[in-house]
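Take a look at the structure set out below.
The values are calculated or read from the model by the stated rules, or taken from the named source; none is laboratory data. What you see is a predicted model, and the numbers here were worked out from it, not measured in a lab. Ideal geometry is used to build each Cβ from the backbone, glycine not excepted, and the neighbour counts take in all protein chains shown. Only protein heavy atoms, including side chains, enter the accessible area calculation; ligands, DNA and RNA are left aside. Shrake-Rupley method; radii C 1.70, N 1.55, O 1.52, S 1.80 Å.
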Amino acid sequence: MRRIAVVPGSFDPVTLGHLDVIERAAGLFDELHVLVVHNPAKSALLPIAQRVSLLDQSIRDIGLQGNVIVSSWSMGLLVDYCREVGASVLVKGIRSQVDVAYETPMAIVNRNLAAVETIFMLPDPAHAHVSSSLVRQVAGLGGDISPYVPPAVAAYLQRSMV
Ligand code: PNS
């Protein structure tokens, strides 16, 4: 049986912390879907298609391509996407207790909805302070975001913020 997992998120934009989790998870599953999902609770910087494109490029740039599929989902529940692609596991990166508190209710709801399990993965502590919202803020105010994001994202944001 193929082990298929999904790493869902807003990825607005993808950070080095996300990429670290994606790389670790890609080594654990036969097929890994990195899924961009609109989160209505957050005000977006990038259109979904641009987030997909930057993820795709960043994943290619670190030589991770074989079993990783980048996609987006706006057709309903996250577990509906899991059903569609035959995934039984969600992977979420956890930086701190704050993330555990945020992710736990979603993990329980997703398990109740469709028996999809969530695995919490610890990224490299070097990325513990990195978040997309921090990157959006620093980029919006003209700061250097290159320590926090893949080169493709830094180049795109530097071009589009001038
Ligand atoms: O990167 P984010 O913004 O923390 O990701 C949150 C996301 C998009 C994974 C979450 O909001 C989500 O799963 N949305 C899909 C809608 C859904 O299935 N909701 C019910 C179960 S939580």
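Odds and ends about this structure:
- Contact annotation: residue pairs with Cβ atoms under 8 Å, 6 or more positions apart or on different chains, pairing a residue in region 30-50 that is open to solvent by 80 Å² or more (accessible area, probe 1.4 Å) with a partner that is within 8 Å of the ligand (Cβ to nearest atom), are H38/S10; K42/S10; K42/D12.
- Positions within region 9-22 being closer than 15 Å to M121 by Cα, near the ligand (Cβ under 10 Å from one of its atoms) and surrounded by fewer than 24 Cβ atoms within 10 Å (Cβ to Cβ), in sequence order: G9
- Test: P147 is assigned to a loop (DSSP other than H, G, I, E, B) and touching an Asp or Glu at 6+ places or on another chain (Cβ under 9 Å): no
- On inspection, I22 fails the criterion of being hydrophobic (A, V, I, L, M, F, W, C), in contact with an Asp or Glu (Cβ under 7 Å, 6 or more places away or on another chain) and under 19 Å from Y148 (Cα atoms).
- Count of residues meeting criterion [surrounded by 13 or more Cβ atoms within 10 Å (Cβ to Cβ) and either farther than 28 Å from V149 by Cα or modelled with pLDDT under 95 (or both)] in region 92-114: 5
- Put simply, of V89, V135, V153 the only residue that is away from the ligand (no atom under 13 Å from the Cβ), in contact (Cβ under 8 Å) with a residue 40 or more places away in the chain, crowded, with 16+ Cβ neighbours inside 10 Å and farther than 19 Å from G27 by Cβ is V153.
- Top-ranked residue in region 92-108 [being free of Cβ contacts under 8 Å to residues at least 40 places away in the same chain and within 14 Å of the chain's Cα centre (by Cα); ranked as farthest from the ligand (Cβ to nearest atom)]: I94
- Taken over region 1-46, residues that are part of a loop (DSSP other than H, G, I, E, B) and closer than 25 Å to R83 by Cα amount to 15.
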